[in-house]
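Asks: Structure below; questions to follow.
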Amino acid sequence: MCGRYQLEISLDEILNFIDVLGEVKDRYQAEELQAMTHPKKDIFPGARALVLTREGLKEPVWGFPLEKKLVFNARAESLYEKPFFRQAAKERRCLVPANLFYEWQGPEKIKHEVSQASPLFYLGGLYSRFPNAQGEPEEHFSIITTASQGPMLNLHPRTPLIVSPPDLRVYLDPLASETQVRRILETPPQGLIIRQTGPSQLSFF
């Protein structure tokens, strides 16, 4: 699963996000871009966070509201089958930039940080609109998870989807076929670095 991740955003990274989207930088005011930057911080469900969408850069709330809880993860295997996620899976996919994500191992809840050699990577997500407490539409996102493989199985049976750079634009494209998207959903993450926070321990795969 993915219940917390870390992100630091500089103005240069914001401009890189715009390049990923293939947008024109002049669409955004300098003040808008600067407001999206922030120092290193942990992102939790219920918080607003920056995501990349075909509509541009957005800051929705992490977690799809369902009754009195937030559904902050969506299983890749059933996205196109579950009515709760189906439409977003087809038309409203997003990229969630992260520097690392956290996982807790076993009953002792041993904390681990999981990252890649690149200082920033993209988690695959979905976004949609839901009415807030005032009945007004509010945007939310959920992070997709896949079955863990390799050393990640020692931490948790689920791993957040990581979209590789060659697939970023295809993943965001609402016209991409289900076959194209499923290929991305089924591609295991490469080059993960697992660091136990405590006794020094690194694992590469």
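Asks: Provide the FRET efficiency to the nearest 0.05 for the Arg48-Leu153 pair, computing r from the beta carbons and using R0 = 41 Å. The partial results should precede the final answer.
Replies: On the way: r = 32 Å, r/R0 = 0.78.
Approximately 0.80, to the nearest 0.05.
Asks: Could you check how many percent of all C-alpha pairs in the range 72-129 are farther apart than 15 Å? Before the final figure, lay out the partial values.
Replies: On the way: 991 of 1653 pairs.
The calculated P(r) of the range 72-129 puts 60 percent of pairs beyond 15 Å.
Asks: How much length is gained on full extension from Gln196 to His38, taking 0.36 nm per residue of separation minus their Cα-Cα distance?
Replies: Details: separation 158, 0.36 × 158 = 56.88 nm, distance 2.55 nm.
Once the chain is fully extended between Gln196 and His38, it gains 54.3 nm.
Asks: List every DSSP H helix in the chain whose Cα atoms extend 15 Å or more along the helix's own long axis and whose mean Kyte-Doolittle hydropathy is at least 0.0.
Replies: Details: long enough: 11-21 (16 Å, 1.22).
Flagged H segments are 11-21.
Asks: Mind checking which lysines have their Cα closer than 18 Å to the Cα of Lys90? Skip sequence neighbours fewer than 8 apart in that chain.
Replies: Lys82
Asks: How large is the Kirkwood hydrodynamic radius of the chain, counting all unique pairs of alpha carbons, in Å? Intermediate results must be reported in sequence, preceding the final value.
Replies: Details: mean 1/r = 0.0572 Å⁻¹.
Here the Kirkwood hydrodynamic radius works out to 17.5 Å.
Asks: Any idea what diffusion coefficient the range 122-205 gets from Stokes-Einstein, in µm²/s, Kirkwood Rh on alpha carbon pairs, 25 °C, 0.890 mPa s?
Replies: Reported coefficient: 163 µm²/s.
Asks: Could I ask something else about it? Net charge near Pro45: determine it from the other residues with C-beta under 12 Å of the C-beta of Pro45, scoring Lys and Arg +1 and Asp and Glu -1.
Replies: Numbers: positive: Arg4, Arg48, Lys69; negative: Asp42.
Local net charge: +2.
Asks: Could I ask something else about it? For Lys41, go through the lysines and keep the ones whose alpha-carbon is under 27 Å away, minus same-chain ones fewer than eight residues off.
Replies: Lys25, Lys58, Lys68, Lys69, Lys109, Lys111
Every read-out reported here was derived from the displayed coordinates using simple, explicitly stated rules and does not represent laboratory data. All values derive from a computational prediction rather than experimental measurement. A quick note on method: Cβ atoms are made from the backbone with ideal geometry, for glycine too, and the neighbour counts reach across all protein chains shown.
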